[in-house]
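Note sheet for the following structure.
The values are calculated or read from the model by the stated rules, or taken from the named source; none is laboratory data. Note that this is a predicted model, so its numbers are computed, not measured. As a convention, Cβ positions derive from the backbone with ideal geometry for all residues, glycine included, and neighbour counts pool all protein chains shown.
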């Protein structure tokens with residue numbers, strides 16, 4: 001299976017944390033909703049830890065869904081893929097649930113903020129009582145005064161792991177790289193969206209500006 005994590009040398013650890021938390025909290029028969037499932041990388045990590053759960057994956061690219069089916073062949077009876085745009089979730093026909101978990105990994109930065117909020121709301125409506133949503137993605141840096149601190153972290157990652165992450169010469173160059181296909185949200189945005197959707201929020205892992213954020217559905 002092609003490894004999609006090379007652009008961030010600590011990404012493997014973060015995704016394993018995501019899969020581990022789900023595996024530890026899951027019960028046999030739990031259903032998981034994966035927004036932007038791609039070729040099934042995260043689903044495979046979860047199935048390796050818990051083969052008694054099922055996953056519904058949504059992705060824009062039919063080729064990715066076909067590859068996901070091949071990659072997840074040992075668990076093909078527990079994975080169902082749906083093609084569609086996350087900006088038009090109501091048109092996809094995703095089963096209503098309930099789902100014990102929902103997740104999205106490295107997909108939200110491709111979406112406008114209103115669509116990010118829409119995915120969160122859509123997921124929470126379909127979560128079982130006490131269910132959890134996980135968002136794993138880059139965070140938008142918003143303070144020029146602290147940008148040199150972030151640059152130091154990027155340089156350290158490159159020294160420690162032999163390769164670096166996204167970087168920029170200065171804050172102005174960083175902001176200039178924000179584009180229609182590169183729109184990470186601020187951490188404060190996620191806290192606001194999660195709270196409005198009825199979620200209690202926790203940051204599970206943060207390295208550089210890449211975060212794993214969890215929300216538990218409140219009663």
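Here residue 195 clears all of (1) closer than 30 Å to residue 56 by Cα; (2) modelled with pLDDT under 95 except the condition numbered (2). Summed over segment 82-99, the residues that are surrounded by 21 or more Cβ atoms within 10 Å (Cβ to Cβ) and within 16 Å of residue 31 (Cβ to Cβ) give a count of 1.
Just so you know, in segment 161-187 the residues that are within 18 Å of residue 111 (Cα to Cα) and either modelled with pLDDT of 95 or more or surrounded by 14 or more Cβ atoms within 10 Å (Cβ to Cβ) (or both) include one that is farthest from the chain's Cα centre (by Cα), and it is 175.
Just one of 96, 121, 91 is within 27 Å of residue 217 (Cα to Cα) and under 19 Å from the mean Cα position of the chain (by Cα); which is it? Quick ask: steps written out before the conclusion?
Numbers: 96 fails: under 19 Å from the mean Cα position of the chain (by Cα); 91 fails: under 19 Å from the mean Cα position of the chain (by Cα).
Of the residues listed, the single one that is within 27 Å of residue 217 (Cα to Cα) and under 19 Å from the mean Cα position of the chain (by Cα) is 121.
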